[in-house]
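Report on the structure given below.
The values are calculated or read from the model by the stated rules, or taken from the named source; none is laboratory data. Given the structure is predicted, the values throughout are model-derived calculations rather than measurements. Cβ placement follows ideal geometry from the backbone for every residue including glycine, while neighbour counts extend to all protein chains displayed.
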Amino acid sequence: MAKYLVTGVGGFIGRSIAAELLARGESVRGIDSFITGRRANLVGLEAMEFQEGDLADPAACARACAGVDTVFHEAALASVPRSVVDPVATNVNCVDATLNVLVASRGAGVRRIVFAGSSSAYGDTPTLPKREEMLPNPISPYAAAKLAAEYYMRSFARVYGMETVVLRYFNVFGPYQDPGSTYSGVLAIFCRKMLAGEAPTIYGDGQQSRDFTYIDDVINANLLAAAAPAEKVAGQMMNAATGARYTLRETFDILKDLTGFKGEPVFAEARTGDIRHSHADISLARKLLGYEPKVSFREALRRTVEWYKNGA
Ligand code: UD1
């Protein structure tokens, strides 16, 4: 019987959490529908029990949660612009699916659920860094959906006493992130293009900034959230980030150095639903989890570029 369930295990964050659990000798089950997850991401995870299934289907959720102690709920239709094009699909995969996972987890007696929340919940409020007690201000349907799912997590902690923990991720990047879609994360796209000698596109003036978070730090935050005492973390929500921000232009310049790309970016109109600056205060995760980001931005970008060069 698997101790851990990772939803969205075909996606890059789910895949990376599952790999780390397996490396620690844990028993792991993974589920993915491959709407955006990739079968290629399961290579190396052969020791995992895999179920192909859609979390919008309650029966698939029940099968996935049976006998499990801890769920890492990473499955989502990630992407702000995708949600602007198709808000219903985002709702089904981010809200309905999360509610189904919660109901199934409760039915199966799951001890703890660690949920992938999103920094997009903060929206475009001017105060930086973002602290958890700030009022959310979702702009895109994606942000609204991720926030609704967060509230379901908290509600299930309060009314059913379940140990739910929300980690609000800030622009996660690293090996295995899919670079191949217009909805991909910016750093994956930039790495792929610049390594191929193609100019990447910057939407807006490039002065927007993000608290880019390396995948290893996100894995660490998840494992800490799964293991922390319930008195500290059950029903809580906290930022999982680096606690620093870089503009897109600065990031482009570092990548230029790392990839050897010689050109300049192409500039295009800013994206609808985009926010200007994103920067996390990570003191709550430090306090509740003992979380500390370990990899510098440049080193994280270097490892990421190496991966796209060799492994992608
Ligand atoms: C948002 C969330 C993030 C979440 C992600 C899911 C915020 C602050 N962040 O990311 O936590 O994980 O959605 O998809 O809301 N860009 C370019 N060129 C490109 C692609 C993107 O310039 O080719 C720009 C975008 O306009 C944006 C920035 O890069 O300003 C980051 O975009 P992206 O990587 O898509 O993530 P967010 O929308 O910031």
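Checked against the criterion of being touching a His at 6+ places or on another chain (Cβ under 7 Å), surrounded by fewer than 20 Cβ atoms within 10 Å (Cβ to Cβ) and among the aliphatic types (A, V, I, L, M), segment 118-128 has at least one qualifying residue. Give all pairs with beta carbons closer than 6 Å in which a residue from segment 161-184 that is within 21 Å of Ala19 (Cβ to Cβ) meets a residue that is assigned to a loop (DSSP other than H, G, I, E, B) and more than 10 Å from the ligand (Cβ to nearest atom); count only pairs at least 6 apart in sequence or on separate chains. If the second residue must be assigned to a loop (DSSP other than H, G, I, E, B) and more than 10 Å from the ligand (Cβ to nearest atom), the pairs left are Ser184/Asp178.
Of the residues making up segment 281-303, those that are in a helix (DSSP H, G or I) and either within 18 Å of Tyr169 (Cα to Cα) or of a type in the set (Phe, Trp, Tyr) (or both) number 10.
Among the residues of segment 171-214, those that are surrounded by 18 or more Cβ atoms within 10 Å (Cβ to Cβ), charged (D, E, K, R) and more than 6 Å from the ligand (Cβ to nearest atom) comprise Asp178, Arg192, Lys193, Asp211.
Cβ-Cβ contacts under 8 Å between residues 6 or more apart (or on different chains), taken from a first residue in segment 1-29 that is in a helix (DSSP H, G or I) to a second residue that is surrounded by 17 or more Cβ atoms within 10 Å (Cβ to Cβ) and among the polar types (S, T, N, Q), are listed as Phe12/Asn41; Phe12/Gln177; Gly14/Thr7; Arg15/Asn41; Ile17/Asn222.
On the basis of being closer than 25 Å to Asn220 by Cα, away from the ligand (no atom under 11 Å from the Cβ) and not acidic (Asp, Glu), does Leu135 make the cut? When the stated conditions are applied, Leu135 does not pass them.
Taking the criterion of being over 16 Å from Met153 (Cβ atoms), touching a residue at least 12 places away in the same chain (Cβ under 8 Å) and part of a loop (DSSP other than H, G, I, E, B), the only residue of segment 222-241 that qualifies is Ala241.
On inspection, Gln236 does not qualify as crowded, with 19+ Cβ neighbours inside 10 Å, over 16 Å from the mean Cα position of the chain (by Cα), within 11 Å of the ligand (Cβ to nearest atom) and not hydrophobic (A, V, I, L, M, F, W, C). The residues of segment 242-279 that are of a type in the set (S, T, N, Q), assigned to a loop (DSSP other than H, G, I, E, B) and crowded, with 16+ Cβ neighbours inside 10 Å, listed by number, are Thr242, Ser278.
Of all the listed residues (Ala66, Ala75, Ala60), the sole one being within 14 Å of the ligand (Cβ to nearest atom), within 24 Å of Ser27 (Cα to Cα) and not aromatic (Phe, Trp, Tyr) is Ala75. If I ask for residues that are surrounded by fewer than 20 Cβ atoms within 10 Å (Cβ to Cβ) and at pLDDT below 95, which ones from segment 63-80 would you list? Selection gives Ser79 alone.
Checking segment 107-120 against the condition returns a match, with at least one residue being under 20 Å from the mean Cα position of the chain (by Cα) and over 25 Å from Phe173 (Cα atoms). The residues listed here are Ala60, Ala40; of these, the one that is buried (at least 17 other Cβ atoms within 10 Å of the Cβ) and of a type in the set (Gly, Ala, Ser) is Ala60. Going by the conditions given, is Gly117 of a type in the set (Gly, Ala, Ser), away from the ligand (no atom under 11 Å from the Cβ) and at pLDDT 95 or above? Spelling it out, it is not the case that Gly117 is of a type in the set (Gly, Ala, Ser), away from the ligand (no atom under 11 Å from the Cβ) and at pLDDT 95 or above. Here the condition is being surrounded by 17 or more Cβ atoms within 10 Å (Cβ to Cβ), within 16 Å of the ligand (Cβ to nearest atom) and hydroxyl-bearing (Ser, Thr, Tyr); of Ser33, Ser105, Ser83, it holds for Ser83 alone.
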